[in-house]
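Below: one structure, written as structure tokens.
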Amino acid sequence: MVLSNTFSKSDESIHSTFASRYVRTALPRFKMPENSIPKEAAFQIINDELMLDGNPRLNLASFVTTWMEPECDKLIMASINKNYVDMDEYPVTTELQNRCVNMIAHLFNAPLGEAEAAVGVGTVGSSEAIMLAGLAFKRKWQNKRKAEGKPYDKPNIVTGANVQVCWEKFARYFEVELKEVKLREDYLVMDPVKAVEMVDENTICVAAILGSTLNGEFEDVKLLNDLLVEKNKQTGWDTPIHVDAASGGFIAPFLYPELEWDFRLPLVKSINVSGHKYGLVYAGIGWVIWRSKDDLPEELIFHINYLGTDQPTFTLNFSKGSSQVIAQYYQLIRLGFEGYKNVMENCRENMLVLKAGLEQTGRFNIVSKDNGVPLVAFSLKNNSCHDEFEVSDYLRRFGWIVPAYTMPPDAQNVTVLRVVIREDFSRTLAERLVIDIQKVLHELDTLPSKITAKIALNGENADKNVTVVTKKSAIETQREITTVWRKFVMEKKKMNGVC
């Protein structure tokens with residue numbers, strides 16, 4: 001005899017997710033729904049919407065790691081429920097962070113004794129690391145000025161105009177004037193000579209970048225140090241240097257070990273580096289290392305005991321996950337110096353392959369340098385008909401995310417495309433990207449220029465005998481041209497019956 005059960009209509013477990021009412025009914029977007037839904041439905045709804053995101057592996061705009069080994073993925077998932085700040089409860093995780101700090105400090109040639117521990121901390125990213133380093137410089141400068149009986153209300157930092165936005169955030173949030181060295185079209189990083197000229201008695205530090213976000217170039221920290229040493233001797237000041245090595249800190253020691261940019265230079269007092277960039281860890285980990293304990297004022301360190309024992313803390317955040325710290329330790333011991341060197345050499349080789357492919361098209365100027373962060377920044381030799389923004393837009397149809405942007409003042413007339421070469425960007429992908437760029441260029445060549453497109457759209461209502469000239473900024477003109485061009489392309493598609 002066959003036994004069977006009859007399920008009630010309320011039993012949702014036997015229904016297919018896509019056959020349920022939960023995928024037919026719109027969920028509120030900005031308010032919490034009144035009723036619960038099954039876990040399968042919640043997962044499917046969110047997963048389906050996330051499919052519309054770009055592919056992280058093809059996001060060539062980002063420096064951030066998008067691939068790690070499965071063994072490290074397992075460690076990350078196993079520790080995802082650990083709150084790093086609970087140091088007494090998770091002492092091994094704390095020990096792993098301290099090991100990472102010391103490994104990185106030695107990599108940056110910190111002047112440590114045989115048994116001396118390095119001074120540093122793990123952060124959520126380089127932005128937090130820069131905030132902490134900046135606060136240390138500001139407090140140390142203020143303490144000195146107070147002791148000398150001098151005003152201490154107008155601190156400033158000297159940087160290049162190519163700094164990442166986190167420096168602007170630090171200056172605004174913590175009331176520090178940001179003095180920027182303007183760029184030139186033939187020099188797209190901070191000029192050390194001009195930087196030192198801008199230093200005054202209120203300068204808490206000069207920030208140098210090891211790996212500009214815009215073109216990957218390393219700034220000349222050695223020259224900056226030498227010039228600043230001379231100025232300090234002449235003035236009696238002791239203006240220090242911070243190195244923002246967010247991108248280049250895990251590159252220079254392996255590809256350019258002879259390059260002096262780190263604690264080998266006496267005025268370099270702190271360095272930040274992003275573990276989630278070329279430290280080869282998923283997003284969410286940065287590091288800041290100080291030269292010595294004297295460079296981190298004690299009053300900035302807080303001591304708490306309500307988690308079990310006395311715990312020193314110097315972070316802007318409190319609670320944070322342990323996964324990225326553990327992942328960083330995994331990469332440091334898994335790869336070692338040899339492994340990191342091999343990865344960085346591969347990145348550089350693939351960068352050269354991409355650069356050569358772009359040069360062979362005969363259509364681009366290469367703006368980036370061979371020595372620096374492995375990326376290729378390039379601009380069109382002739383952008384009078386079609387510009388870099390259109391190339392970027394058309395590449396998205398092939399799945400590639402390649403940013404186009406203008407340089408900061410005074411090089412704002414330079415527009416570039418940039419491809420960041422990460423560990424998971426292979427030679428095959430580099431060659432494929434060149435092929436797709438050639439396809440885009442060929443298609444753009446068959447289309448009318450931006451100016452012709454604008455006339456085609458607006459000509460019906462325009463007086464052909466009257467020329468109206470409106471003076472606009474370069475950015476306004478650029479945005480207007482891009483908007484008009486997109487409208488023209490969409491109209492063309494409609495006329496051709498393309499859907």
- Task: Give me the Kirkwood hydrodynamic radius of segment 157-229, using the inverse of the mean 1/r over all pairs of distinct Cα atoms, in Å to one decimal.
- Result: 12.4
- Note on the structure: Residue by residue through segment 102-108, the couplings from Karplus 6.51 cos²θ - 1.76 cosθ + 1.60 with θ = phi - 60°, in Hz, x for Gly and Pro, are 5, 4, 5, 4, 5, 4, 8
- Message: Rounded to the nearest 10 Å², what accessible area does Phe378 have for a 1.4 Å probe in the complete protein model?
- Response: 0
- Query: Computed on alpha carbon atoms, what radius of gyration and Dmax characterise segment 193-343, expressed in Å?
  - Reply: 17.6, 51
- Query: Using a 1.4 angstrom probe with every protein chain in place, what is the largest-first accessible-area order of Arg363, Arg348, Arg334?
  - Reply: Arg334, Arg363, Arg348
- Message: Report D for the chain in µm² per second (integer): Stokes-Einstein, Kirkwood Rh on Cα pairs, 10 °C, 1.306 mPa s.
- Response: 61
- Integer Hz, Karplus 6.51/-1.76/1.60 couplings in order for segment 222-232, x for Gly and Pro: 4, 5, 4, 4, 5, 5, 6, 4, 5, 5, 4
- Query: So in the chain, what percent of DSSP beta bridges are antiparallel if you round to the nearest 5?
  - Reply: 60
- Starting from the Cα-Cα distance between Ser384 and Gln360, subtract it from 0.36 nm times their residue separation and give me the gain in nm to one decimal. 6.6 nm
- Query: If you line up the Cα atoms of segment 346-441 on their principal axes, what length do they span on each, largest first, in Å?
  - Reply: 33, 29, 22
- Task: May I ask you to rank Met103, Met68, Met198, Met32 by accessible area, largest first, using a 1.4 Å probe over the protein chains only?
- Result: Met32, Met103, Met198, Met68
- Item | Farthest toward positive dipole pole in segment 35-146 [+1 Lys/Arg, -1 Asp/Glu at C-beta], among Ala78, Asn98, Ala117 | Ala117
- Query: Residue by residue through segment 43-56, which ³J(HN,Hα) values in whole Hz follow from phi under the Karplus form 6.51 cos²θ - 1.76 cosθ + 1.60 (θ = phi - 60°), with glycine and proline marked x?
  - Reply: 4, 5, 4, 5, 4, 5, 5, 5, 4, 7, 5, x, 7, x
- Diffusion constant of segment 97-229 at 20 °C, which comes from Stokes-Einstein with the Kirkwood Cα-pair radius and 1.002 mPa s, µm²/s: 132
- Query: Once segment 199-271 is represented by equal point scatterers at the alpha-carbon sites, with solvent omitted, what log10 I(q)/I(0) does the Debye formula produce at q = 0.22 Å⁻¹?
  - Reply: -0.93
- Item | Two-decimal log10 I(q)/I(0) for segment 35-88, as the Debye equation yields it once each C-alpha is a single scatterer, q = 0.17, 0.24, 0.29 Å⁻¹ | -0.94, -1.00, -1.01
- Task: Using the structure shown, select from Lys179/Lys320; Lys154/Lys269; Lys341/Lys381; Lys277/Lys320 the pairs with a Cα to Cα distance greater than 30 angstrom.
- Result: Lys179/Lys320; Lys341/Lys381
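The values are calculated or read from the model by the stated rules, or taken from the named source; none is laboratory data. Just so it is clear, the structure is predicted and the values come from calculations on it, not from any experiment. Cβ: placed from backbone, ideal geometry, glycine included. Neighbour counts: every protein chain shown. With ligands, DNA and RNA removed, areas are computed over all heavy atoms of the protein, side chains included. Shrake-Rupley method; radii C 1.70, N 1.55, O 1.52, S 1.80 Å.
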